[in-house]
Every structure is written in C-alpha cells, then in structure tokens.
Amino acid sequence: MSDTRDLRERLAVLRGPDVAPRAMDARALAALAANPGCRRRALMDAAGVDKGALAQALGSPAPFGQSQFAFARGHAFEARVKAEGYAELLRLLHAEQSEAAVPDLSAPGPEGRVARTRIALEEATAAGRWALLDHPLLKLDVAGSPAYLEPDAVAVRPDGSWLVVEVKSFPILDGSADSVKVGAAARQAAVYVLALERLGVGQPSHEVLLVCPKDFSNLPTAQLVDVRKQLSVTRRQLTRLTRIEEIAAALPDGTTFDPRQADEGRLQEAVEAVPAAYAPECLATCELAFHCRDRARGCGAVETLGRGVRGELGSLTTVEQVLAAALGEAGDPADPAVDALRRAAELRAEALQCR
C-alpha cells in the first residue's frame, strides 16, 4: 500500500501537484500498446500529464485532434442510437426491447463504478437474458498503474457472452467503411475486450459491434468486427511495457512536466530525461510527436524514416552512418544492410549515367 501511495505522490509531482490528471482512455492505451518501447509516453500517460500543454510550452504544438464539430456530431449520433430506451441499439443487437435489462451503474468514485460494473455483469450473466450496460467503467493495469476505461456499451447475451459496442460517427457506405477508421476503432475496442477478460469471469466475445451511420443518412447500422488480431497484439505489447515505478525512479528529484513550475529549458531537460521511441505513426496519436520528431531529426536518427526502414538498417542508427556505408566510406561489408546499401548506390549511379 505504501509503495502505491509513494508512486501516486511521485506521479503527482511529475504532473504538477495542483493539476488534475488527464484520464488514460482506450484510444491512448491503444496508441501506447502500438509503441510499447516509448517510456516517455508510458510515464506521462500514467501520471496524467497534459501532453498538449507541454508540447505548447516546448514550442512544438501538435496541430491535430478531434474538432468540436466532429465531437458534437459523435455525441448526437450516440444519443440517437440510445434514444427511446435504447430501441435502435437493441434492434441492431436483435434483442427485444421488453426483454432487455438496463442496470443502474451509478456509484461514487471510479473504484465504486468499476465494482458496480462487475456486479452488474455477473448478475446479468447469471440471469440468462439480454442486458445492456450503458457506459460501464472497467479497470486495466498498465505497467503497474491503473487505467479506467469506459466503452460506449457492453451487451450481455442470453448465452452469457459479453459483446462490446463501439459507436462511431463515420459512415458505412454500401456495406463498407474507411479501413483506417475501422482499424483504429478495432484497436480501441480490443482494449475494452482485454479489460473484460482481466475480470476473470464471463465470456467476452472476440467480436465487437461497430455502430455507424448508414450511407449518408443518420440511420444507425452495425457490423460485427473480429478483433482477435488486435487483441493479441495489444495483450503482447502491454506485457512489454516497463513498469512505471522503474521509469519514475530513474528521474532526478524535482523533475516536473508542469509548464507552470518550470521554464522551457527545465522542461526540455525533464522531457529528454525519459527515453522516447519516435516513429512517424506517432504524429497521428501523440501530442509530443512533433517535439520528438524534431529531436530525432536533429541527431540524424533513422527512426524518422519509419519502423520498417529502421528494422532493415540493423546496427546503422543515423542517417550519416547510412550514407557513409552506401558510399563505401564506412561499415562492415559483411553486414547485409551495408551490402544492400552499396548495391543500391551502385544501381543509382548506373541509372544516373544512362540518363
């Protein structure tokens, strides 16, 4: 108990003692699972740091995020899906409205809501009838720190299986939707399924119900999405995360990410004290990505070229080393990466001579 309290106090200092923590949602957790080597994001998400404000203070604001219009449209569509006693949602689930129970999940505090959700799931499973849990709260341990997750809904079928419901405002056109958006929704839903599995009771389905507008209307339609692949990746990647207390213990005393308590120079030192694992994919998911990209470019790191390229280059870690190896100025000729670079340079030279 004392270790947990000490960690919470340390994370509060990192965040700022008077700063409310930013909740780690399933979208952030899915992004973290996609890049488990990034200790910087793991620590800041666990501490509830406002990474957007930190990026602004560092001079590298991230110009992305959900617009207020999209946010309002998403809430309006979810409200329609759940209107009139969840009639549309129960229709998509092929459940009779009169036969479905909707338990009250209200309870004081996040731990109270998590406990109430578990009880409701157990009771609904034992009842052997349809039940719909609207915005249940689940808890998932992430590198030794709890993350509270709130899916749009979880349906309990009469056979006792649990089905995660994910409501999105992007359309399903002629029976198909944007594959990138569906993939992102599947990764997010996989986090909810994993949290349900960790309860140790019940039968969470490996399929999730994705509810979206049909064509160009606002009429809800749904598709079952198999998330076994995303679930396997998320499960494996989360086990690779370094425990938060180990990352925090390596920082100097007095380290803080609070822009109100430290100038830009101190913030730079604090951020650089935590190792990052930048990849171009971070630009779409992390507020600090532009700062990390600038630092990676500044030292010529090959990570800026993408994970695939980085993996092919092996021991060559900088663009300077890559160019020197390609020109025959450095590198071990027995290294497959060096050999491939030199052959590519020769082919390029021949092509330029033929022009």
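The values are calculated or read from the model by the stated rules, or taken from the named source; none is laboratory data. The model shown is predicted, which means the values in this text are computed figures rather than measured ones. Counting neighbours? That spans all protein chains shown, and the Cβs are built from the backbone with ideal geometry, glycine included. To get the accessible areas, we keep the full protein, side chains included, count just its heavy atoms, and leave off ligands, DNA and RNA. Shrake-Rupley method; radii C 1.70, N 1.55, O 1.52, S 1.80 Å.
Restricting the first member to region 79-95 and to residues that are free of Cβ contacts under 8 Å to residues at least 60 places away in the same chain and assigned to a helix (DSSP H, G or I), and the second to residues that are surrounded by fewer than 16 Cβ atoms within 10 Å (Cβ to Cβ) and among the acidic types (Asp, Glu), the beta-carbon pairs closer than 8 Å and six or more apart or on different chains are Leu90/Glu96.
So that you can scan it fast, the table gives a plain yes or no per residue for (1) free of Cβ contacts under 8 Å to residues at least 12 places away in the same chain; (2) basic (Lys, Arg):
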site	(1), (2)
Val191	no, no
Leu194	no, no
Gly202	no, no
Val211	no, no
Lys214	no, yes
Arg236	yes, yes
Leu241	no, no
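One residue stands out among those in region 124-136 that are modelled with pLDDT of 95 or more and either surrounded by fewer than 16 Cβ atoms within 10 Å (Cβ to Cβ) or within 20 Å of the chain's Cα centre (by Cα) (or both): the one that is farthest from Leu238 (Cα to Cα), which is His135.
Of everything in region 287-307, what is in a loop (DSSP other than H, G, I, E, B) and in contact (Cβ under 8 Å) with a residue 24 or more places away in the chain? Give them in sequence order. Give the derivation first.
Taking region 287-307 as the starting set, the residues that turn out to be in a loop (DSSP other than H, G, I, E, B) are 287-288, 299-300, 306.
Glu287, Leu288, Gly306 - these are the residues of region 287-307 that are in a loop (DSSP other than H, G, I, E, B) and in contact (Cβ under 8 Å) with a residue 24 or more places away in the chain.
Selection over region 11-27 of residues that are assigned to a helix (DSSP H, G or I) and without any contact (Cβ under 8 Å) to a residue 60 or more places away in the chain gives a count of 1. Considering the conditions (1) under 23 Å from the mean Cα position of the chain (by Cα); (2) open to solvent by less than 40 Å² (accessible area, probe 1.4 Å), Asp294 is excluded by exactly one of them, (2).
Among the residues of region 251-266, are any more than 30 Å from Val338 (Cα to Cα), surrounded by 12 or more Cβ atoms within 10 Å (Cβ to Cβ), of a type in the set (A, V, I, L, M, F, W, C) and touching a residue at least 40 places away in the same chain (Cβ under 8 Å)? Checked against the condition, which is being more than 30 Å from Val338 (Cα to Cα), surrounded by 12 or more Cβ atoms within 10 Å (Cβ to Cβ), of a type in the set (A, V, I, L, M, F, W, C) and touching a residue at least 40 places away in the same chain (Cβ under 8 Å), region 251-266 yields at least one hit. Against the conditions (1) assigned to a strand (DSSP E or B); (2) open to solvent by 20 Å² or more (accessible area, probe 1.4 Å); (3) in contact (Cβ under 8 Å) with a residue 24 or more places away in the chain, Leu224 satisfies every one except (3).
Summed over region 53-97, the residues that are in contact with an Asp or Glu (Cβ under 9 Å, 6 or more places away or on another chain), small (Gly, Ala, Ser) and surrounded by 14 or more Cβ atoms within 10 Å (Cβ to Cβ) give a count of 5. Within region 140-189, being within 14 Å of the chain's Cα centre (by Cα), surrounded by fewer than 19 Cβ atoms within 10 Å (Cβ to Cβ) and in a loop (DSSP other than H, G, I, E, B) holds for one residue alone: Glu150. Restricting to region 246-286, name every residue that is in a loop (DSSP other than H, G, I, E, B), closer than 30 Å to Val180 by Cα and at pLDDT below 90. Hit for region 246-286 is Thr285, nothing else.
Could you tell me whether any residue of region 111-120 is open to solvent by less than 20 Å² (accessible area, probe 1.4 Å), among the aliphatic types (A, V, I, L, M) and either touching a Cys at 6+ places or on another chain (Cβ under 6 Å) or under 15 Å from Pro220 (Cβ atoms) (or both)? Checked against the condition, which is being open to solvent by less than 20 Å² (accessible area, probe 1.4 Å), among the aliphatic types (A, V, I, L, M) and either touching a Cys at 6+ places or on another chain (Cβ under 6 Å) or under 15 Å from Pro220 (Cβ atoms) (or both), region 111-120 yields no hits at all.
What are the pairs with Cβ atoms under 7 angstrom where one residue, in region 140-163, is in contact (Cβ under 8 Å) with a residue 40 or more places away in the chain and the other, located anywhere, is part of a loop (DSSP other than H, G, I, E, B) and open to solvent by less than 10 Å² (accessible area, probe 1.4 Å)? Sequence gap at least six, or different chains. As it stands, the answer is Pro151/Pro136; Val154/Pro136, since those pairs meet every condition given.
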